[in-house]
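Below is one structure; the comments refer to it alone.
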Amino acid sequence: MLEKLPAGVGRVLKSIRPGTEALVSQDDAFADVPDIIAITSTAFPADGAIPARYTEDGDKISPPLEWIGVPPEAQALVLLVEDADSPTFRPLVHAILGDLAPRDGGLAEGDLPSSGSGGERFGMGRNSFLSHGWLPPDPPRGHGPHRYAFQMFALDEVPSFSKAPGRTALVAALRGHVIARGMLIGTYSRD
């Protein structure tokens, strides 16, 4: 959708970015939570470019992820993917997944449902476009590089939701229950 915006619009919006300090994992409520979960991807290095295959310009599928360092006392594990550089006032949510086993593990390429994979997965929250799946990176042309934060939260209890949560409901459920966290950042740009 944003790939169709003229580069001039992206350049005008260049200064509008929430920044990494607005990511959920950087919230003051989690300042004392140990950052001990290591998240990696075989598709891109930390702070490296996400291949177009995983974006709106490619196959639109989610990238493979692996994580280690989940504490043995964890009762739940939540993955949240946000764009720290979206031309919005808070980060754009690309995926919420809350049914992960509370242990070291991973997701294969395309595991999150998307227009590229067509799969269904129980436990998906709502992304910023109100769908339950992977919203592929789609930065506006001319807006510069975007940082996509794959954030993992280990919780001391299984959160309960009356419906698929969005960002606000997820943050409310996380407060006071996160015992470990981790983050992997990948970048993508159309400049």
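With contacts defined as alpha carbon pairs under 8 Å and 6 or more residues apart, what's the relative contact order of region 2-188 in percent? It would help to have the intermediate numbers written out before the result.
Working: 471 pairs, mean separation 60.2, N = 187.
Answer for region 2-188 is 32 percent.
The packing ranking of peptides 135-141, 36-42, 162-168, highest mean first, is 135-141, 36-42, 162-168, where packing means the average number of other beta carbon atoms within 10 angstrom of each residue.
Given charges of +1 on the Cβ of Lys and Arg and -1 on the Cβ of Asp and Glu, with all other atoms neutral, how large is the dipole of the chain about its Cα centre, in debye to the nearest 20? Mind dumping the intermediate values first?
Values: 17 positive and 24 negative charges, 142 e Å.
With only Lys, Arg, Asp and Glu charged at Cβ, the dipole is about 680 debye.
Work through the residues other than Arg147 whose Cβ is under 12 Å from its Cβ and net out their charges, Lys, Arg +1 and Asp, Glu -1.
Values: positive: Arg17; negative: Glu21, Asp47, Glu82, Asp83, Asp85.
Once positives and negatives cancel, what remains is -4.
Values (i) 14.6; (ii) 11.2; (iii) 9.7 are given for comparison; mean projected area of the Cα convex hull in nm², derived from the coordinates here, is the one labelled (iii). Note on Ser131 and Ala46: the extension gain reaches 27.9 nm, defined as 0.36 nm multiplied by sequence separation minus the Cα-Cα distance.
Each reported figure results from applying straightforward, stated rules to the coordinates on display, with no laboratory input. Predicted model, so just to flag it, every value in this text is computed and none were measured. Cβ: placed from backbone, ideal geometry, glycine included. Neighbour counts: every protein chain shown.
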